[in-house]
Amino acid sequence: MARRKIVVAMMMHETNTFSPVPTPLASFRPLSGHAAIEEFRDTNTQIGGFLDVAKEANAEVVVPLAGGAHPSGYVEKAAYEDMCDAIVGAIRNGCDAAFLALHGAMVAEHFDDGEGELLRRIRAVAPRLPIALGLDFHSHMTAPMVEHATVVAGYRTYPHVDMAETGQRAGRTLLRALDGLVQPVMVWGSRPMMTSTLVHAPSRQPMKDIMDMAIAAEASGAVLNASVFGGFPHADIPHTSLSAVIVCDRNAEPGRALLDRLLGMAWDRRDAFLYSGAPLASQIAHARTLGDGPIVLVDHGDNTASGGTQDVMSVIEETMRQGLEDVAAGPICDPEAVKRIVEAGTAASVTLPLGGRIDMPQINLAGKPLTVTGRVTRITDGEFVVTGPMATGTRSRSAAASRSTWACSPTAASTRAASGTSSSSRASTFAPASSRSPGTSCSATATAAPAPTCGSSPTGTGASPFILSKPEPGQFGGRFYAILASGMASAF
Ligand SMILES: [Zn+2]
């Protein structure tokens, strides 16, 4: 049998339509061909998983695009068109199958359903091409996405530690179809729910029972693949929802029954998918009571993967105001501050306004810098290879110029600025771009549980945006460390 030719592509973005951060093509750091394969081979990413499966099948692989951007605002029209043209063009040239690593929450300036539109264009040039589609747990499912794909599979973890596995699940089902062993048919459905990212992790209730049911059905062989998607609530688009997709062999009936059970259970539990926040000051105070660390404070809207500006200083300001020690915070995206720190050099003492550079007109919020004084402890080029369980093996190139580690202390001005922050209306001013609910911008979590962060981008996501590792008490010498970056960054 002749070698199969498989087009493998990645086009991933989780679009926060409330974010003021633009998303041009450069944000995707697009690669293709050999460079893309070298970058993602043997990494814990969807495309890494797809490459594994293609290798197992001894297939010829064509990679027209491997691009992924940090969550941010609308994907610029030109970027979207360029990326689609690359993928559609490669498929038009002829292939036996396509493996597509997408996110499922891409919103372009001119299309609400970025993935559905891409698939529609592919189908226009390849009506019968077998297509395996891998998606993030935070997908918004749409009819075009399902109708134009052959197999769909999504992450089953959050934080997403099963990226490569997801690509493998989708890819292997498609290969079985190519071999004539199965005939995939898909059913899908959704419920009009905007589940909070802070409470919908599949490892915990209320989602755990639902995802476990899907996993069990797939593991038993009752269906080929079963995926549940929590959705991404920070997008003002019509199809935001909780959804599920079931891939069946020939007969869709088992899938429909499973789909009804999954979505029925989710709908019945809809109240539990809401997050009840508390004012920031009280949550920081609560964190103080949790005892030995590490303790994770997640500014879930401004974390490194929800599309915030990554320079909102509210949580850091309040943490300083309450005098917490042994703190590592960041990464904070502030090119101007990094420039000043680099000029000052290692060991220099610097006082400057930090963060708060970017206004957020979509939520009527002005940027608010925090004036701090600190000593520069390290300046690096910002490149590193992710060694944690999520996106393992990927190389972060998130800071184009440099990244600084900076031990700093609050000034009197910053201490005064943060006083009296306890009402919910005040708390709403802490809410970064992707968080519109008052009083929910920060959560304090005992460290036994993973931080509820989302990283759609494969270029440097870690398990926690705030804790470097498991520091021993006193490791930071009672000081407050801030990690600054000259560009958007997802991990440190
Ligand atoms: Zn996600």
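Where a number appears in this text, it was derived from the coordinates with a stated rule and is not lab data. Quantities reported herein were computed from a predicted structural model and do not represent experimental measurements. Cβ sites come from the backbone with ideal geometry, for glycine too, and all protein chains shown count toward neighbours.
Summary of values
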{"read-out": "Cross-link reach list, aspartates and glutamates versus Lys5, counting only Cα pairs under 17 Å and skipping chain neighbours closer than eight places", "value": "Asp52, Glu56, Glu60, Asp96, Asp179"}
{"read-out": "Test item: Cα-centred dipole of region 231-350, Lys/Arg +1 and Asp/Glu -1 on Cβ, debye", "value": "360"}
{"read-out": "Binned Cα-Cα distances of region 55-156, short to long, each 5 Å bin given as a whole percent", "value": "2, 12, 24, 26, 21, 10, 3, 1"}
{"read-out": "Inverse mean reciprocal Cα-Cα distance (Kirkwood Rh) of region 5-273, Å", "value": "18.1"}
{"read-out": "Proxy reagent accessibility, fewest Cβ within 10 Å first, across Cys84, Cys248", "value": "Cys84, Cys248"}
{"read-out": "Span per principal axis, largest first, for the Cα atoms of region 105-158 (Å)", "value": "35, 27, 13"}
{"read-out": "Residue order, fewest to most surrounding Cβ atoms within 10 angstrom, among Tyr155, Tyr74, Tyr481", "value": "Tyr481, Tyr74, Tyr155"}
{"read-out": "Whichever aspartates and glutamates have a C-alpha closer than 14 Å to that of Lys339, once near sequence neighbours (fewer than 8 apart) are set aside", "value": "Asp381"}
{"read-out": "Projected area, mean over directions - region 184-265, Cα convex hull, nm²", "value": "5.2"}
{"read-out": "FRET efficiency for Ser203 and Glu253, using Cβ-Cβ distance with R0 set to 41 Å, rounded to 0.05", "value": "0.85"}
{"read-out": "Sequence-distant lysines (8 or more away, or on other chains) whose Cα lies within less than 26 Å of Lys208", "value": "none"}
{"read-out": "Taking Arg3, Arg29 and counting other C-beta atoms within 10 Å, the order from fewest to most", "value": "Arg3, Arg29"}
{"read-out": "Cα gyration tensor category, rounded, prolate or oblate, for region 213-367 with a/c compared to 1.5", "value": "prolate"}
{"read-out": "Hull shadow area, averaged, region 1-60 [alpha-carbon convex hull, nm²]", "value": "5.1"}
